[in-house]
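Data block below; observations after.
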Amino acid sequence: MNLPDTTFRTPVTLMSGFLGSGKTTLLNNLLRQTHDRTLAVIVNEFGEVSIDGALLSREDGVELFDVSGGLLAYGGDDDAFRRTLRALLDRRHAFDHVLIETSGLAAPTAVMVALQDPVFADAFTLDATLVVVDTPLLLEGAFDPDGLNPAVPSPLARSAAQVFDAQLEFADVAVLNKIGDLNDAQLLQAEADVRHRAPRVRFLELAHDARLDTQLTLGLNLHGARRAAHHAPVSGAPGDLSGPLHDHTGLDGHSHGDLDAHVHSLGTHQHFHEHDPGWQSFRLTGSGAQDPQALATAVRNVARVFPVLRVKGFVTDAAGQRHAVQAVRSRVELTPAPARPDAPNELVFIGYHVSRKKVTEALGRALPQRWE
């Protein structure tokens, strides 16, 4: 009789990134490349309902665990994340890897601490922590403590900078995302900004079209015991080093930083989850068929007037086509979504001391349909 290998620990990759950085899109593209692996994917959102989980592909070999309503792994022993991880304990040999996407307002520290708990430490091992960066917003100064308007510093800007810096501080890999319209000089500046803010990030990777090769994300083993100092993801993988960046600038998508042991001061930061209570989320539902373009304009104007940083959801138009709504600040995108006849029109708003009543009233003035 062959007994299972009880010494095997299932690797866990942790993906963080500020609101709207593109974590879900990058994760979706990653799942489409992993047909040779069996994955457990845990997705958390800051809000009362899950929108991101509905956007993920249900690929063969992928089992999705949706955890909405809070900040992942933040709380006591009975919080939703630990319950989910406990549910995986007895089944961990059925998965090659666990992927965790945290809320955009979460630092990875609480998950890292949870994985060190004796209940989980013999079953799971942290493979790597990734942070996805909204590169255009970084270059615009959106994560500076003074925000986009240094003349009018705001608590929102300071809190956003604090969250972003905490995510970077505990990342092994920083992924520069949304780079399609950026030139080489801008990419080098973004790299310099990340290095300045978080000099101990090990690798910087470029996500062209929100895509990363699995060799750059899974199986890195960056937290293994006595990890060799000069380990790096495999160079020359398809798509890794192509294009003008590798040929001309020195930023080749594998920018390696400090490769010494990445010692995280978890004892200092494990209580980061006592987050700024100014961050708020609420869900609105709309009646009747929607005009997606009119809705996008209304959402854009709401973000310009009120401290709304993120809006996401689904609406259905008069022809029965369902659309995914994704907004970061005043940048709004509409994409086709699978039809669900019984699904409501719904939008989740995330902002800083944002008033549900005022946002609802603004939508009511801009749109003929009722939102509440």
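Values quoted throughout were computed directly from the atomic coordinates according to the rules given, and no laboratory measurement underlies them. Predicted model only: the values in this text are computed from it and were never measured. Please note: Cβ atoms are built from the backbone with ideal geometry, for glycine as well, and neighbour counts cover all protein chains shown.
At-a-glance table
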{"read-out": "Fewest-first sequence of Arg202, Arg197 by Cβ atoms within 10 Å of each Cβ", "value": "Arg197, Arg202"}
{"read-out": "Derived scalar couplings ³J(HN,Hα) [the stretch 156-168; Karplus, 6.51 cos²θ - 1.76 cosθ + 1.60; whole Hz; x for Gly, Pro]", "value": "4, 5, 5, 5, 4, 5, 5, 5, 4, 5, 5, 5, 5"}
{"read-out": "Percentage relative contact order, the stretch 294-372, counting C-alpha pairs under 8 Å, at least six apart", "value": "33"}
{"read-out": "Gap separating the Cα centres of the stretch 320-338 and the stretch 96-120, nearest whole Å", "value": "29"}
{"read-out": "Residue-by-residue Karplus 3J(HN,Hα) for the stretch 111-121, coefficients 6.51, -1.76, 1.60, Hz, glycine and proline x", "value": "5, 4, 5, 4, 5, 8, 4, x, 4, 10, 4"}
